[in-house]
Amino acid sequence: MSRYCRSDLIELRADPEKGIAYIKMTGPLQKKDILGAFDAAVADDSYRSGMNRLWDYRDADLSALDSAAIAEMAQYSSKFPNGINDAKVAFLVGRKLEFGLTRMFAAYASEMSSTVKVFYSLEDAEVWLIQ
């Protein structure tokens, strides 16, 4: 686990059959929590290069983030190598605030080789990631 990622904020699991790494975050989150979770997810023993990622923010509060933090996180994630950046990334949200912020991330990240999409439904996100 990353030194910047508190274990009470994140749950990681991978499904090699589906080729999806699930990253569930809960509670109020800061930029450093999310960046730490990204590092922890791709460094986890269960993560395999090329796995798509599903970020579950349904129980998270992203209200502490602003557009500058979102832009910085998109820039940070763009620096990772192929096998990490050329995967699909789904954001699963439960509120309009998180929907808007993750859509903003997708817009900033549009120059990355990852394809990013936001969902309210776990099933829809998984179907899109597997396609």
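Taking ALA64, is it at pLDDT 90 or above, open to solvent by 30 Å² or more (accessible area, probe 1.4 Å), part of a helix (DSSP H, G or I) and more than 16 Å from TRP128 (Cβ to Cβ)?
Working: at pLDDT 90 or above: yes; open to solvent by 30 Å² or more (accessible area, probe 1.4 Å): yes; part of a helix (DSSP H, G or I): no; more than 16 Å from TRP128 (Cβ to Cβ): yes.
Taking the combined requirement at face value, the residue does not satisfy it.
Looking at ALA90, ALA125, which is the one that is more than 18 Å from LEU9 (Cβ to Cβ), assigned to a helix (DSSP H, G or I) and within 13 Å of the chain's Cα centre (by Cα)? Working first, answer last.
Values: ALA90 fails: assigned to a helix (DSSP H, G or I).
Going through ALA90, ALA125 in turn, just one is more than 18 Å from LEU9 (Cβ to Cβ), assigned to a helix (DSSP H, G or I) and within 13 Å of the chain's Cα centre (by Cα): ALA125.
Check PHE99, PHE80, PHE105 and return the single one that is closer than 21 Å to LEU9 by Cβ, among the aromatic types (Phe, Trp, Tyr) and modelled with pLDDT under 85.
Details: PHE99 fails: modelled with pLDDT under 85; PHE105 fails: modelled with pLDDT under 85.
The unique qualifying residue is PHE80.
Only one residue in LYS32, LYS18 is among the basic types (Lys, Arg) and in a helix (DSSP H, G or I), so which one is that?
On the way: LYS18 fails: in a helix (DSSP H, G or I).
Only one candidate passes the filter, namely LYS32.
Scan ALA74, ALA69, ALA106 and give me the residue that is free of Cβ contacts under 8 Å to residues at least 24 places away in the same chain, touching a helix residue (DSSP H, G or I) at 6+ places or on another chain (Cβ under 9 Å), more than 13 Å from ILE20 (Cβ to Cβ) and part of a helix (DSSP H, G or I).
Working: ALA74 fails: free of Cβ contacts under 8 Å to residues at least 24 places away in the same chain; ALA69 fails: free of Cβ contacts under 8 Å to residues at least 24 places away in the same chain.
Answer to the selection: ALA106.
Anything in segment 116-131 that is under 17 Å from GLY100 (Cα atoms) and either touching a Lys or Arg at 6+ places or on another chain (Cβ under 8 Å) or surrounded by 19 or more Cβ atoms within 10 Å (Cβ to Cβ) (or both)? List them, or say none. Lay out the reasoning, then the answer.
Step one: of segment 116-131, the residues under 17 Å from GLY100 (Cα atoms) are 116-121, 125.
Of everything in segment 116-131, those that are under 17 Å from GLY100 (Cα atoms) and either touching a Lys or Arg at 6+ places or on another chain (Cβ under 8 Å) or surrounded by 19 or more Cβ atoms within 10 Å (Cβ to Cβ) (or both) turn out to be VAL116, LYS117, VAL118, PHE119, ALA125.
Name the residues in segment 10-28 that are surrounded by 19 or more Cβ atoms within 10 Å (Cβ to Cβ) and either more than 13 Å from the chain's Cα centre (by Cα) or modelled with pLDDT under 85 (or both), would you?
Of everything in segment 10-28, just one residue is surrounded by 19 or more Cβ atoms within 10 Å (Cβ to Cβ) and either more than 13 Å from the chain's Cα centre (by Cα) or modelled with pLDDT under 85 (or both), namely ALA14.
Here is a list: ASP56, ASP33. Which entry is in contact (Cβ under 8 Å) with a residue 40 or more places away in the chain and either surrounded by 16 or more Cβ atoms within 10 Å (Cβ to Cβ) or within 12 Å of the chain's Cα centre (by Cα) (or both)?
Values: ASP33 fails: in contact (Cβ under 8 Å) with a residue 40 or more places away in the chain.
Being in contact (Cβ under 8 Å) with a residue 40 or more places away in the chain and either surrounded by 16 or more Cβ atoms within 10 Å (Cβ to Cβ) or within 12 Å of the chain's Cα centre (by Cα) (or both) holds for just one of ASP56, ASP33, which is ASP56.
Of the residues in segment 77-103, how many are among the charged types (D, E, K, R) and touching a residue at least 12 places away in the same chain (Cβ under 8 Å)? Before you say what the answer is, go through the steps one by one.
We begin by selecting, within segment 77-103, every residue among the charged types (D, E, K, R); these are 79, 86, 88, 95-96, 98, 103.
This time we only want the ones that are touching a residue at least 12 places away in the same chain (Cβ under 8 Å), so: 86, 88, 98, 103.
Total meeting the criteria: 4.
Restricting to segment 67-87, what's the tally of residues that are charged (D, E, K, R) and exposed (fewer than 14 other Cβ atoms within 10 Å of the Cβ)? Even if it seems obvious, please write down each step before you answer.
Filtering segment 67-87 down to residues charged (D, E, K, R) leaves 72, 79, 86.
Filter once more, so that each one left must be exposed (fewer than 14 other Cβ atoms within 10 Å of the Cβ): 79.
So the answer is 1.
Hey, any hits in segment 20-33 for a residue that's in contact with a Lys or Arg (Cβ under 9 Å, 6 or more places away or on another chain) and over 22 Å from ALA125 (Cβ atoms)?
no
When you go through (1) surrounded by 15 or more Cβ atoms within 10 Å (Cβ to Cβ); (2) within 14 Å of the chain's Cα centre (by Cα); (3) farther than 18 Å from ALA125 by Cα; (4) modelled with pLDDT under 95 one by one for TYR4, which number turns out not to apply?
Only one criterion in (1) surrounded by 15 or more Cβ atoms within 10 Å (Cβ to Cβ); (2) within 14 Å of the chain's Cα centre (by Cα); (3) farther than 18 Å from ALA125 by Cα; (4) modelled with pLDDT under 95 is unmet by TYR4, namely (2).
The values are calculated or read from the model by the stated rules, or taken from the named source; none is laboratory data. Bear in mind that the values here come from a model prediction, so they are computed numbers and not experimental data. So basically every Cβ, Gly included, is an ideal-geometry build from the backbone, and we count neighbours across all protein chains shown. We work out accessible area using only protein heavy atoms, side chains counted, and drop any ligands, DNA or RNA first. Shrake-Rupley method; radii C 1.70, N 1.55, O 1.52, S 1.80 Å.
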